[in-house]
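For reference, the structure is listed below as C-alpha cells.
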Ligand SMILES: [Zn+2]
Ligand SMILES: [Zn+2]
C-alpha cells in the first residue's frame with residue numbers, strides 16, 4: 001500500500017489534527033503535521049462574519065495546497081464542512097464534511113466525504129429560561145453556543161460558550177446591546193466546539209482512508225473507488241427502467257481505468273419508485 005508512514009501537512013485551527021491523528025496512526029502509520037501561519041477563518045466562518053468564496057471542495061483543496069506550501073511536505077490535507085438543509089426533504093439540518101488529500105508529486109487528489117443530520121440549531125430568545133431550554137435542546141454544554149444581539153447578522157458575537165458561568169453573563173451583555181430586547185442563539189459549528197461535527201469529520205476521514213487503501217487494479221494508484229451511478233434498474237411491475245441505480249462505476253483518476261459493478265441491493269425496483277407505475 002502506498003502512503004504508509006508518511007508525514008501529512010494539515011492546515012487546521014480547531015483541533016482537527018488531534019481528532020484525526022489516531023485514525024491515521026492506526027490505519028496507515030501516518031502523522032499529521034499541523035501547518036501554521038495562515039488564518040483559515042479568512043476562508044469563511046460559520047457565523048457569517050466572513051462568507052466562504054467558491055465551493056466546499058475548492059476551499060478544502062485550497063487548504064491542502066496551502067498546507068503543502070507552508071510546511072514544504074509533498075502531501076497536504078484540507079478539511080471543509082458545510083451546513084444546510086437535507087438534500088431529500090429539505091427539513092432536517094444537514095452537515096457535509098469533506099477532506100481533500102493532495103499529492104503534489106503525482107498530482108493525485110483523493111476526496112473523503114461524509115454527510116448526515118447535524119448542526120443548524122438556532123433560536124431567538126428573550127429570557128434566561130428560554131435560553132437554557134434552547135441550550136439543552138442544542139446539546140450544551142458539550143456543544144458550544146454562540147450568542148449575539150437581535151438577529152443572525154449582528155456583528156457583536158460571543159462565540160465558544162461552553163459553561164453556564166460564561167453563557168449567562170454573555171446573554172445579559174448581548175441583551176443589553178439589543179435594540180429589540182432579543183438575543184439570537186445558535187450552536188457553535190466549529191469542530192472543537194461540536195462533538196456531532198467531530199463524528200462526521202471522523203467518518204469523512206474513514207472514507208478517505210478506505211479510498212487511499214484501495215489501489216487501481218491496472219496501475220496500482222490509490223483512490224480506486226465509486227465515482228458514478230448508472231440509473232435504470234428495471235421496475236418489478238412494468239419492466240421499464242427507473243431512476244434507481246442499476247450499476248456503480250469505480251474509476252481510477254490516475255489512469256482512467258473503470259469497472260462497472262452491479263448496484264446489487266435488489267434485482268428489480270419497487271413499483272413505488274417507478275415513474276410510470278407511480279407517477
Ligand atoms: Zn489506474
Ligand atoms: Zn413500473
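The values are calculated or read from the model by the stated rules, or taken from the named source; none is laboratory data. This one's a predicted model, so the numbers in the text were calculated from it and none came from an experiment. Cβ placement follows ideal geometry from the backbone for every residue including glycine, while neighbour counts extend to all protein chains displayed.
Evaluate the stretch 130-138: report whether one residue or more is modelled with pLDDT of 95 or more, in contact with a helix residue (DSSP H, G or I) (Cβ under 6 Å, 6 or more places away or on another chain), surrounded by 15 or more Cβ atoms within 10 Å (Cβ to Cβ) and not assigned by TED's automatic domain parsing to the domain that holds residue 40. Yes, the conditions are met somewhere in the stretch 130-138. The residue that is surrounded by the most Cβ atoms within 10 Å (Cβ to Cβ), among those in the stretch 221-245 that are assigned to a loop (DSSP other than H, G, I, E, B) and away from ligand 2 (no atom under 16 Å from the Cβ), is 224.
Just one of the listed residues (268, 273, 218, 213) is within 23 Å of residue 1 (Cβ to Cβ), surrounded by fewer than 18 Cβ atoms within 10 Å (Cβ to Cβ) and away from ligand 1 (no atom under 14 Å from the Cβ), and it is 213. One residue is enough: does the stretch 17-37 have a residue meeting the conditions surrounded by fewer than 16 Cβ atoms within 10 Å (Cβ to Cβ) and modelled with pLDDT under 85? Yes: the stretch 17-37 contains one or more residues that are surrounded by fewer than 16 Cβ atoms within 10 Å (Cβ to Cβ) and modelled with pLDDT under 85.
The set of residues from the stretch 246-260 being under 30 Å from residue 277 (Cα atoms) and away from ligand 2 (no atom under 16 Å from the Cβ) comprises 247, 248, 249, 260.
Taking the numbered list (1) assigned by TED's automatic domain parsing to the domain that holds residue 18; (2) in contact with a strand residue (DSSP E or B) (Cβ under 7 Å, 6 or more places away or on another chain) in turn, residue 149 passes all entries but (1). Being closer than 17 Å to residue 104 by Cα and either modelled with pLDDT under 95 or touching a helix residue (DSSP H, G or I) at 6+ places or on another chain (Cβ under 6 Å) (or both) is the requirement here; does residue 60 meet it? So residue 60 fits the description; yes.
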